[in-house]
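The values are calculated or read from the model by the stated rules, or taken from the named source; none is laboratory data. Nothing here was measured: the structure is a model prediction, and the numbers come from that model. Counting neighbours? That spans all protein chains shown, and the Cβs are built from the backbone with ideal geometry, glycine included. Surface accessibility is based on the protein's heavy atoms, side chains included, excluding ligands, DNA and RNA. Shrake-Rupley method; radii C 1.70, N 1.55, O 1.52, S 1.80 Å.
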Amino acid sequence: MSILTKLMPKTDAFFDAFEKQAALTVEGARLLKELFEDFTDVPRKVKEIKDVEHKADDVTHAAFALLYTQFITPFDRAVIHRLLSAIDDVLDLTDAASERVGLYDIRTLLPEARELATVLLAQTRKMQEAVHGLRNIKDSQRILDACLEINSLENQADSLLRRALADLFRSGADPLTIIKWKEILDLIETATDRAEDVANVIENVVLENT
Amino acid sequence: MSILTKLMPKTDAFFDAFEKQAALTVEGARLLKELFEDFTDVPRKVKEIKDVEHKADDVTHAAFALLYTQFITPFDRAVIHRLLSAIDDVLDLTDAASERVGLYDIRTLLPEARELATVLLAQTRKMQEAVHGLRNIKDSQRILDACLEINSLENQADSLLRRALADLFRSGADPLTIIKWKEILDLIETATDRAEDVANVIENVVLENT
Amino acid sequence: MSILTKLMPKTDAFFDAFEKQAALTVEGARLLKELFEDFTDVPRKVKEIKDVEHKADDVTHAAFALLYTQFITPFDRAVIHRLLSAIDDVLDLTDAASERVGLYDIRTLLPEARELATVLLAQTRKMQEAVHGLRNIKDSQRILDACLEINSLENQADSLLRRALADLFRSGADPLTIIKWKEILDLIETATDRAEDVANVIENVVLENT
């Protein structure tokens, strides 16, 4: 790569990447919620989420490659790295949860899974707002409000998970069913944790740049 | 925030935050040990640990906000970030372990849980010493000695966990009880891993500044 | 430590450390594969892997100490830190998997464990190639090819794990056996994830330096 190419600032490309990642993450969460709302045709729906995750992987890898070949980046390189990774993690975990549903050949839905997916979807939409806000970082209040909501939705997911686990262990279900659902619920809740990481990175970017 | 406010060095505020975090982490570990020493009135004791964890969260969030609005910090910003996060994690995991005890409605105590909590408490006290030492970083030997002890206590926790898991699986307990206790023991042992992370960050700070 | 000692560049020492770590990681993976190929004399073989892991710990700790006392390092300090940690993690997880085999007193082998260990071994050999390549970073194609293969082997491990988990839950084995093997398989697969982290760090180093 020539010095000139490296010097040409492509800061827009990073904002584009964040937004593409965020849009695909919303799409993944929406499909997970749909899966849990209409628990039929499971293998096809699981496959759709996997496809979305693959698309997002391509976006993330291209952005990483750009990150390490550009001299000029909109924020600190380490921060961009963290942000790309954190957004990517949210969708990875969404996909991992859905994949387990297919893998374990789960037939009966746990209602709390649907509630958790609903919270995750709301959270990814706020994440999309926050990420979009980075283009106009001076309008910091809107970004910080979205981050605040992401955190509050994480708390909601956390309470939901706790209630779901307590119910699950009291349910009288067989141990293997409990192990399977515990893993799926944990994965969705970890996705909401990673969304909170995204919000934390964005908050810090805003605080440092305003 | 005005440039002037940003320029006013508030390095003491970071040392205060580290120490407040450390003191609350000791408090959390002490309460966990007490819970396992006198396994009565469990919901109230679990709630007390949760309250301590909430207080520490406030300290951590205020310190993060300060970190990103100050021009002058006592060490590298990324190092302070890592230290605040690592200390915070120790108490978070202590609380998560205690929360699971309540959540899973556990009635019979596993003796190794008490032993693990005892090691964790000893370790958090050494962590408090090491963190306090950061104010006088030139007196490096005391800090490094505390870090060494934190690492050695982590090894002890690791051995304890392994023995506990082997015993647990051999115990003839029902699978659900084993799953529950395995998670609780893993959480406490992970808390001691995070305390080792704290020690590693502090060691590096000392090596870089002496 | 005197200023002069700090100023003396010891960049070779870091390449030596990476290579020693990588060689021990290959050794650990080779021993794990052997354990799963000839499932006899398990405690002795588990102990051998633990010994290799202890040797690697010494290498890693010495390199960390050097990292924070040297003014001149071959790449960015944070990158070296990440690379040392990531390589260390691969062997740690290999050892953790083997340790669980001993701890849980496992008598009957799961064939997929052997397949996973075979993939891990192939991957650690590619990791060794990539790490060795860092000495001649201008010959970037060979390094990047090795990284690509590490990633492709990670995908293979991922597929293997999924198949193994699905089989395991369908096997009719008792829940405790399933819990034990699930943990061991997850640990090996996480080792291959960490190897992918190593490849990602190395790719970034190459992109930034060519």
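Only one of these is under 28 Å from B:Ser159 (Cα atoms) and modelled with pLDDT of 95 or more: C:Leu120, C:Leu160, C:Leu110. Name it.
Numbers: C:Leu160 fails: under 28 Å from B:Ser159 (Cα atoms); C:Leu110 fails: modelled with pLDDT of 95 or more.
Matching residue, one of C:Leu120, C:Leu160, C:Leu110: C:Leu120.
Residues that are open to solvent by 40 Å² or more (accessible area, probe 1.4 Å), away from every other protein chain (no Cβ under 12 Å) and not in a helix (DSSP H, G or I): does the range A:19-34 have at least one? For the range A:19-34, residues open to solvent by 40 Å² or more (accessible area, probe 1.4 Å), away from every other protein chain (no Cβ under 12 Å) and not in a helix (DSSP H, G or I): absent. The residues of the range A:129-144 that are at pLDDT below 95 and open to solvent by 40 Å² or more (accessible area, probe 1.4 Å), listed by number, are A:Arg135, A:Asn136, A:Lys138, A:Asp139, A:Gln141, A:Arg142, A:Leu144.
Does the range C:170-189 contain at least one residue that is within 22 Å of the chain's Cα centre (by Cα) and β-branched (Val, Ile, Thr)?
yes
Listed by first and then second residue, the pairs linking a residue in the range C:88-101 that is within 11 Å of C:Ala195 (Cα to Cα) to a residue that is open to solvent by less than 10 Å² (accessible area, probe 1.4 Å) and polar (S, T, N, Q), with Cβ atoms under 6 Å apart and 6 or more places separating them unless they lie on different chains, are C:Asp88/C:Thr60; C:Val90/C:Thr25; C:Leu91/C:Thr25.
Quick one: in the range C:154-165, of everything that is small (Gly, Ala, Ser) and within 12 Å of chain A (Cβ to nearest Cβ), which residue is least open to solvent (accessible area, probe 1.4 Å)? For the range C:154-165, the residue satisfying everything is C:Ala164.
Could you please let me know if B:Ala62 is hydrophobic (A, V, I, L, M, F, W, C), without any contact (Cβ under 8 Å) to a residue 24 or more places away in the chain and surrounded by fewer than 21 Cβ atoms within 10 Å (Cβ to Cβ)?
On the way: hydrophobic (A, V, I, L, M, F, W, C): yes; without any contact (Cβ under 8 Å) to a residue 24 or more places away in the chain: no; surrounded by fewer than 21 Cβ atoms within 10 Å (Cβ to Cβ): yes.
Criteria not met by B:Ala62.
Residues of the range B:30-62 that are under 25 Å from B:Ala17 (Cα atoms) and over 17 Å from the mean Cα position of the chain (by Cα): B:Lys47, B:Ala62. If the condition is being in contact (Cβ under 8 Å) with a residue 24 or more places away in the chain, surrounded by fewer than 21 Cβ atoms within 10 Å (Cβ to Cβ) and within 19 Å of B:Arg100 (Cβ to Cβ), then the range B:50-59 contributes B:Lys50, B:Asp57. Scanning the range A:35-50 for residues that are in contact with a Leu (Cβ under 7 Å, 6 or more places away or on another chain) and not in a helix (DSSP H, G or I) yields a single hit, A:Phe39. Only a single item in (1) part of a helix (DSSP H, G or I); (2) within 14 Å of another protein chain (Cβ to nearest Cβ); (3) over 19 Å from A:Val206 (Cα atoms); (4) open to solvent by 10 Å² or more (accessible area, probe 1.4 Å) is not met by A:Asn151, and it is number (3).
Selection of the range A:166-209 for residues being open to solvent by less than 40 Å² (accessible area, probe 1.4 Å), more than 8 Å from chain B (Cβ to nearest Cβ) and of a type in the set (Lys, Arg) yields only A:Lys180.
Among the residues of the range C:116-128, count how many are closer than 15 Å to C:Phe39 by Cβ and open to solvent by less than 30 Å² (accessible area, probe 1.4 Å).
So in the range C:116-128, the residues closer than 15 Å to C:Phe39 by Cβ come out as C:116-118.
Okay, now just the ones that are also open to solvent by less than 30 Å² (accessible area, probe 1.4 Å), so C:116-117.
The qualifying residues number 2.
Taking the range A:76-115 as the range and being away from every other protein chain (no Cβ under 12 Å), surrounded by fewer than 19 Cβ atoms within 10 Å (Cβ to Cβ), touching a helix residue (DSSP H, G or I) at 6+ places or on another chain (Cβ under 7 Å) and assigned to a loop (DSSP other than H, G, I, E, B) as the test, only A:Leu109 passes. Checked against (1) touching a residue at least 60 places away in the same chain (Cβ under 8 Å); (2) within 11 Å of chain B (Cβ to nearest Cβ), A:Val131 passes all but a single condition, namely (2). Filtering the range C:65-75 to residues that are open to solvent by less than 30 Å² (accessible area, probe 1.4 Å), over 26 Å from C:Lys138 (Cα atoms) and either in contact (Cβ under 8 Å) with a residue 60 or more places away in the chain or not in a loop (DSSP other than H, G, I, E, B) (or both) leaves only C:Thr69.
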